[in-house]
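The values are calculated or read from the model by the stated rules, or taken from the named source; none is laboratory data. Source: prediction; values computed, not measured. Cβ coordinates were reconstructed from backbone atoms using ideal geometry, including for glycine residues, and neighbour counts include every protein chain displayed. All accessible areas refer to the heavy atoms of the entire protein, side chains included, with ligands and DNA or RNA removed. Shrake-Rupley method; radii C 1.70, N 1.55, O 1.52, S 1.80 Å.
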Amino acid sequence: MDIGTASAAPGELARGHLELTDLPTGTPEKLPVIVANGSEDGPTLWITGGVHGDEATGVAVTQDVMREDLPQRISGTVVAVPVVNPAGLRRNARTSYYGDDDPNRNFPDPESDSSTPAEVQERIDERLYDTIVDSADALIDNHTAGVNSRPFVIRDRVLYGERRTESEAETLADGLEALVESTGLPVVTEYPAEEYVDKGLQRSTAGAVCNAAGIPAFTTELGGHSVVTEAARAAGVAAAYGVMAELGMLREWPDAVGEPGVYESPVDFPVRRFRGPRTETAGLLRHRVEAGDAVSTGEVVADVVSAAGEQLDTVEAEHDGYVLGRKEGLAAYEGDAVLSMAVRDDGALVAPREAE
C-alpha cells in the first residue's frame with residue numbers, strides 16, 4: 001500500500017510522509033505516516049494522533065502501535081499518522097499557528113453550508129480526510145483530556161438525514177459499538193445530537209469519518225496533555241490491538257502489549273459528555289473531587305474562595321455520573337465549568353440531523 005511517500009509491500013512496514021500544503025518558506029508541511037502491510041488481505045485500520053499539538057500520549061500511542069513486526073501479525077493494513085498538527089507540535093500548543101481555531105473542527109461536513117472560503121487548516125484537514133476515507137474500514141483518533149484525567153473512549157452520535165437513512169445509521173452504530181467495546185476503555189457517548197452539531201463535533205476527525213463517510217470511527221482520550229503518561233500509553237496501545245482483533249485482522253497478540261480492560265467505568269449506567277456544573281461566583285477553585293470519582297446530583301464538588309481565603313460559594317453536581325476531568329487553573333469566572341463529566345445518558349445513539 002502507498003500512502004504519501006510510504007510504500008509498504010505485503011509483509012513490510014514503511015515510513016514516509018504526507019505533503020498536504022506548502023509553507024511560506026518554500027518547503028512543504030509534512031505529516032509523518034507509517035504503513036504496516038500484512039502479508040494477507042484484510043481490513044484497513046487508520047490511527048491518528050497529535051491533532052492537538054500538545055496531546056503527547058496520543059502521539060506516543062499512535063507511534064507505539066506500529067511495531068516493526070506488526071506486518072507479520074496482521075491480515076490487512078494499519079496506517080498511522082502520529083502528528084496530524086505539526087505546526088501545533090512545534091510550539092507545544094493545542095492549535096496550529098495557521099489560525100487560533102480548533103484544528104479538530106475543520107474536517108468535512110457535507111450537510112453544512114458555508115460561504116467562508118477554506119483557509120489552510122481546513123484545507124489540510126480536508127486533504128487528510130480524503131486520504132483516510134479512500135482506504136479506511138475503521139479509524140481511531142488518539143487524544144488526551146484534562147490534567148489527571150483517566151483514559152476513556154468517546155463514541156460519536158450517529159446522525160441520519162441527507163447522508164443516510166435511519167436504518168443505515170443503525171447499522172453504522174452497531175459497527176461502531178463493537179469497536180469501542182473492544183478497546184476495553186470506559187465508553188462515553190458524545191453530547192446530545194443538537195449540542196453535538198452546535199459544537200461542530202461532526203467536523204472532528206472521528207466525527208467526519210463516521211458521519212460524513214459512514215466509516216466506524218471514534219476518539220480515545222488518554223490521560224492528561226503535555227507529557228506522555230505510561231499507564232495511559234499502555235492502555236491506548238492495548239485498545240488499538242483490541243480493535244484489530246475485533247476487525248478480524250490480528251493473527252497474533254504481541255507479548256509486550258497488555259490486554260484491554262485496565263480501566264473500568266465507576267458507574268454501571270450509560271453516560272454521555274457534559275461540561276459542568278458551572279460556578280455562579282467568581283473566585284479561586286478548591287476541588288473536592290478527582291477524575292474517576294463517581295458523584296451524585298446535589299453533591300458538592302468544589303468550593304469557591306476569595307483571594308484572601310474566605311469561603312464565597314460551593315458548586316453542586318447537576319447530574320449523577322463521574323468526573324472525567326477538572327477545570328485547569330486556580331481562577332474561576334462567573335459561568336465557568338468546574339468539571340468535565342460523564343453523566344447518565346438515556347438518549348439514543350442514533351439521532352436525526354436537525355436543520356441548522
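List every residue whose amide H lies under 5 Å from the amide H of THR189, counting only residues 5 or more places away in sequence or on a different chain, with H placed 1.01 Å from N in the peptide plane.
ARG155, VAL271, ARG272, ARG273
Using a 1.4 angstrom probe on heavy atoms only, work out the carbon and sulfur share of the accessible area of segment 37-85 in %.
The computed percentage sits at 40.
Take every DSSP beta bridge whose two residues both sit in the chain, then give the antiparallel share in percent to the nearest 5.
Approximately 65 percent, going by the DSSP bridge assignments.
Counting pairs of Cα atoms in segment 1-142, how many percent are more than 25 Å apart?
Result: 28 percent of Cα pairs exceed 25 Å.
Determine the calculated [θ] at 222 nm for the chain from helices alone, applying -39500 (n - 2.57) to every DSSP H run no shorter than 4 residues and normalising by the residue count; nearest 500 deg cm²/dmol.
So the calculated ellipticity at 222 nm is -6500 deg cm²/dmol.
In Å², what does the accessible area per residue of segment 175-245 work out to with a 1.4 Å probe?
Counting only protein heavy atoms, the per-residue value for segment 175-245 is 26 Å².
Given the whole protein assembly as supplied and a 1.4 Å probe, what does the accessible area of PHE152 come to in Å², nearest 10?
Accessible surface of PHE152 is approximately 10 Å².
Springs between alpha-carbon pairs under 10 angstrom, Gaussian network model over the chain: which of ALA213, ALA245, ALA282 fluctuates most?
Maximum among the listed residues: ALA282.
Grab the other residues whose beta carbon is less than 12 angstrom from that of SER226, score K and R as +1, D and E as -1, and report the net.
Charge balance near SER226 sits at -2.
Taking the chain as the reference, fit the longest principal axis to its C-alpha atoms, fit the long axis of helix 166-182 to the helix C-alpha atoms, and give the angle between the two in degrees, 0 to 90, nearest 10.
90 degrees
State the percentage of accessible surface on segment 209-282 attributable to carbon and sulfur atoms; use a 1.4 Å probe and exclude ligands, DNA and RNA.
Ligands and nucleic acids excluded, carbon and sulfur give 47 percent.
Check GLY38: other-chain or 5+ apart residues with amide H under 5 Å from its amide H, H built from backbone geometry?
For GLY38, whose amide H was placed from the backbone, the distant partners under 5 Å are GLY11, GLY76, THR77, VAL78.
Can you give the FRET efficiency to the nearest 0.05 for THR165 and GLU195, using r as the Cβ-Cβ distance and R₀ = 25 Å?
Between THR165 and GLU195 the formula returns 0.60.
Running Debye on segment 209-282 with equal point scatterers at the Cα sites and no solvent, what base-10 log of I(q)/I(0) appears at q = 0.14, 0.23 Å⁻¹?
Taken in order of the listed q values, log10 I(q)/I(0) reads -0.70, -1.22.
What do you get for the angle between helix 230-246 and the principal long axis of the chain? Use alpha-carbon atoms, 0 to 90 degrees, nearest ten.
50 degrees
Could you compute how much accessible surface GLU166 exposes when probed at 1.4 Å, giving the result in Å² to the nearest 10?
90 Å²
Pairing the Cα long axis of helix 56-65 with the longest principal axis of the chain, what angle in degrees results, from 0 to 90 and rounded to the nearest 10?
30 degrees
Considering the values (i) 165; (ii) 151; (iii) 139, which represents volume of the Cα convex hull per residue in Å³ as calculated for the structure under consideration?
Among (i) 165; (ii) 151; (iii) 139, the one calculated here is (iii).
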